[in-house]
């Protein structure tokens with residue numbers, strides 16, 4: 001059996017790192033031969049998850065974000081974790097257009113976008129301890145595209 | 001990565017073209033620049049050209065929705081043009097395409113904005 005290929009990184013919860021995180025994950029996922037559309041979807045969900053940890057998890061406080069990425073068969077499993085304030089009502093934040101911080105001009109679409117772009121989506125959160133998002137996305141590349149590897 | 005904003009004043013109309021990745025990190029700068037230009041030119045018609053936007057997420061939607069509300073409050077008008085396929089999908093997913101006027105190309109958008117401004 002092939003060993004599982006995984007990647008983990010820890011970075012400061014600063015908005016400068018949003019682009020870094022999505023580009024790093026996209027580069028790691030490239031080995032699955034995703035389409036441009038799938039790659040854009042992956043970059044978007046990473047961006048949404050990391051932005052949530054920065055804005056809502058840590059607010060204006062300093063903290064670290066832990067990102068784990070694993071290739072399981074033809075799927076990519078992503079875990080984004082913070083040790084921030086946590087989410088009181090998980091069902092509420094999943095509602096489209098919901099935002100806990102309307103003063104920031106948020107669209108309230110972050111969770112809706114994440115749910116639409118992946119195949120599995122779970123939230124685990126404990127108030128004052130942190131939040132962990134787990135996302136799984138299957139890469140639906142036609143088999144013929146991978147037949148000519150050398 | 002900074003979003004570059006080019007603004008062009010055409011009569012009472014302001015055309016703002018965005019280039020770059022419109023995420024939460026870029027949002028403050030885009031909001032600040034557009035609001036300053038809107039106030040300085042006192043324009044009532046804003047055309048947002050997204051042809052150079054190579055990445056966007058819900059933070060970008062938030063900034064665009066915010067500028068739309070600001071223009072409506074003046075009262076003024078804002079239209080959007082030149083969305084990439086992935087940006088267009090975000091607008092559809094969020095329902096914003098039903099609220100805002102979106103045009104395929106700049107010329108159509110300019111004509112439409114002239115009509116509503118009459």
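The values are calculated or read from the model by the stated rules, or taken from the named source; none is laboratory data. Because the structure is predicted, anything quoted here is derived from the model rather than measured. When we count neighbours, we look across all protein chains shown, and the Cβ atoms used for this are built from the backbone with ideal geometry, even at glycine.
Restricted to segment A:83-111, and to residues there that are part of a helix (DSSP H, G or I) and closer than 17 Å to residue A:134 by Cβ, the residue that is nearest to the other protein chains (Cβ to nearest Cβ) is A:110. Looking only at segment B:14-37, which residues are over 11 Å from the mean Cα position of the chain (by Cα) and surrounded by fewer than 20 Cβ atoms within 10 Å (Cβ to Cβ)? Across segment B:14-37, the qualifying residues are B:19, B:20, B:28, B:29, B:32, B:33, B:35, B:36, B:37.
Just one of the numbered conditions (1) at pLDDT 95 or above; (2) within 14 Å of chain A (Cβ to nearest Cβ); (3) more than 25 Å from residue A:15 (Cβ to Cβ) is not true of residue B:97: (1). Checked against the criteria, residue B:74 does not count as within 10 Å of chain A (Cβ to nearest Cβ), surrounded by fewer than 22 Cβ atoms within 10 Å (Cβ to Cβ) and modelled with pLDDT under 95. Among the residues of this structure, residue A:6 does not count as one that is in contact with a strand residue (DSSP E or B) (Cβ under 9 Å, 6 or more places away or on another chain), modelled with pLDDT of 95 or more and within 14 Å of chain B (Cβ to nearest Cβ).
Of all the criteria given as (1) over 24 Å from residue A:41 (Cβ atoms); (2) at the interface with another protein chain (Cβ under 10 Å from one of its Cβ atoms), the one not satisfied by residue B:33 is (2).
Residue by residue, here is whether (1) assigned to a helix (DSSP H, G or I); (2) within 14 Å of chain B (Cβ to nearest Cβ); (3) at pLDDT 95 or above; (4) out of contact with any helix residue (DSSP H, G or I) (no Cβ under 7 Å at 6 or more places or on another chain) holds:
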residue: A:15; (1), (2), (3), (4): no, yes, yes, no
residue: A:22; (1), (2), (3), (4): yes, yes, yes, no
residue: A:27; (1), (2), (3), (4): yes, no, yes, yes
residue: A:45; (1), (2), (3), (4): yes, yes, yes, no
residue: A:48; (1), (2), (3), (4): yes, yes, yes, no
residue: A:62; (1), (2), (3), (4): no, no, no, yes
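For residue A:56, the conditions (1) out of contact with any helix residue (DSSP H, G or I) (no Cβ under 9 Å at 6 or more places or on another chain); (2) touching a residue at least 12 places away in the same chain (Cβ under 8 Å) all hold with the exception of (1). Residues that are in contact with a helix residue (DSSP H, G or I) (Cβ under 8 Å, 6 or more places away or on another chain) and within 27 Å of residue B:111 (Cβ to Cβ) within segment B:21-42 comprise B:22, B:30, B:34, B:35, B:38, listed in sequence order.
Annotation note: of B:50, B:113, the sole residue that is surrounded by 15 or more Cβ atoms within 10 Å (Cβ to Cβ), more than 23 Å from residue A:111 (Cα to Cα) and more than 12 Å from the chain's Cα centre (by Cα) is B:113.
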